[in-house]
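No value in this document is a laboratory result; all are computed from the given coordinates. Bear in mind that the values here come from a model prediction, so they are computed numbers and not experimental data. For neighbour counting, all protein chains shown are included, and Cβ atoms are generated from backbone atoms with ideal geometry for every residue, glycine included.
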């Protein structure tokens, strides 16, 4: 056994010496599966940095637990097609600091920027800084496992490690590159301050969701209406419908968990009756959206797209929309008491 370990170590060292695979993170960081890949990657990085937040807490404080972003045809881009800078800003309350490398294929000196990004990511990983990037595979976020001379090693959704050539970055139809390097802020944020931060964002988002939306997409409570109309008119993309259902069901499950954790972290001096109301309301939302996932399976199945299923789905979405509005109002009233 000792001989085999030494032999394996020698072979690995030999490969590294030849400039082959440099998997700086492959055996140290663990990917986190999530429908919302930005949040799954953020949680994996947070775990690696030892911040110790639950998924509910991370989704809630970042704000993603309360998001909804819908395209009129239920395009699968909805869960990612918005300016995510507010997620990065909100992460400061979680003790996380983002450094982002962003460019697109239409910029001048595109190839040098691909090379520069690769060099920065390689250096970050060697410095024990976790990184995740956009569209190393399909249009989603992927946790980096390492680099080699020709590109990136990333964890695919089955946790296997795949390779992405550096010169393929930002060359798709979307044409955007985004690498996020995460480090601890070094500041300790108390749970009460994290709660205040989350509820402040929720108030801003709920009051003016359009400020976060891209042209052609609808965010906030009105997005439910767009979703319902797509089903009524039979124009919902089957793949996007199933995907959106799972992403937003996951988000609302975390919203429910976040509110429960919020109640548990507050001292007995706080009146949490409004949180009980919000828990009840978001319990309905979570249940309704999870039922939607049972109607529209992922990947889509033949026979899912029927008028009967659409009618049930519309009823579930109407219930979820009303319960969510009630739950948010309870949270905002609670915020005014803090």
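Tell me, 42, 147, 171 in order of fewest to most beta-carbon neighbours within 10 Å?
Values: 42 30, 147 27, 171 14.
Ascending Cβ contact count within 10 Å gives the list 171, 147, 42.
Answer rounded, prolate or oblate for segment 42-146, using the Cα gyration tensor with square roots of eigenvalues a ≥ b ≥ c: rounded when a/c is under 1.5, else prolate when a/b is larger than b/c, else oblate.
Numbers: a/c = 2.08, a/b = 1.11, b/c = 1.87.
Judged from the Cα gyration tensor, segment 42-146 comes out oblate (a/c at least 1.5, b/c at or above a/b).
Can you classify segment 93-182 as rounded, prolate or oblate using the Cα gyration tensor, where a ≥ b ≥ c are the square roots of its eigenvalues, rounded means a/c under 1.5, and otherwise it's prolate if a/b beats b/c and oblate if not? Please list the in-between numbers first.
Values: a/c = 1.39, a/b = 1.21, b/c = 1.15.
Verdict is rounded for segment 93-182.
If packing is taken as the average number of other Cβ atoms within 10 Å across a peptide's residues, how do 206-218, 270-282, 246-258 rank, most packed first?
On the way: 206-218: 14.4, 270-282: 18.5, 246-258: 24.5.
Descending packing order for the listed peptides: 246-258, 270-282, 206-218.
Could you work out how far helix 2-17 tilts from the main Cα principal axis of the chain, as a 0 to 90 degree angle to the nearest 10?
90
Compute the acute angle (0 to 90°) between the alpha-carbon long axis of helix 37-49 and the principal axis of greatest extent of the alpha-carbon atoms of the chain; round to the nearest 10°.
60
Just one of (1) 19.8, 60; (2) 21.6, 67; (3) 24.2, 80 is Rg and Dmax of the Cα atoms in Å calculated from these coordinates, so which is it?
Computed from these coordinates, Rg and Dmax of the Cα atoms in Å corresponds to label (2).
Give the separation of the Cα centroids, segment 125-167 to segment 169-211, in Å.
The distance from the Cα centre of segment 125-167 to that of segment 169-211 comes to 21 Å.
Grab the DSSP H runs of the chain that are 4 residues or longer, score each as -39,500 (n - 2.57), total them, divide by all residues and round the 222 nm result to the nearest 500 deg cm²/dmol. Could you put the intermediate results ahead of the total?
Numbers: 10 runs with 168 residues, N = 338.
One gets -16500 deg cm²/dmol as the mean residue ellipticity at 222 nm.
What relative contact order, as a whole-number percentage, does the chain give when Cα pairs under 8 Å and 6 or more residues apart are counted?
Details: 520 pairs, mean separation 74.6, N = 338.
Answer for the chain is 22 percent.
Sort segment 24-70 into rounded, prolate or oblate with this rule: let a ≥ b ≥ c be the square roots of the eigenvalues of the Cα gyration tensor; rounded if a/c is under 1.5, and if a/c is not under 1.5, prolate when a/b is larger than b/c, oblate otherwise.
On the way: a/c = 3.29, a/b = 1.73, b/c = 1.91.
Oblate is the answer for segment 24-70, as a/c is 1.5 or above yet b/c matches or exceeds a/b.
When only Cα pairs under 8 Å and 6 or more residues apart are kept, what is the percent relative contact order across segment 191-335?
Working: 133 pairs, mean separation 47.8, N = 145.
Value for segment 191-335: 33 percent.
Give me the angle, in degrees from 0 to 90, between the Cα long axis of helix 222-232 and the longest principal axis of the Cα atoms of the chain, rounded to the nearest 10.
Roughly 90 degrees between the two axes.
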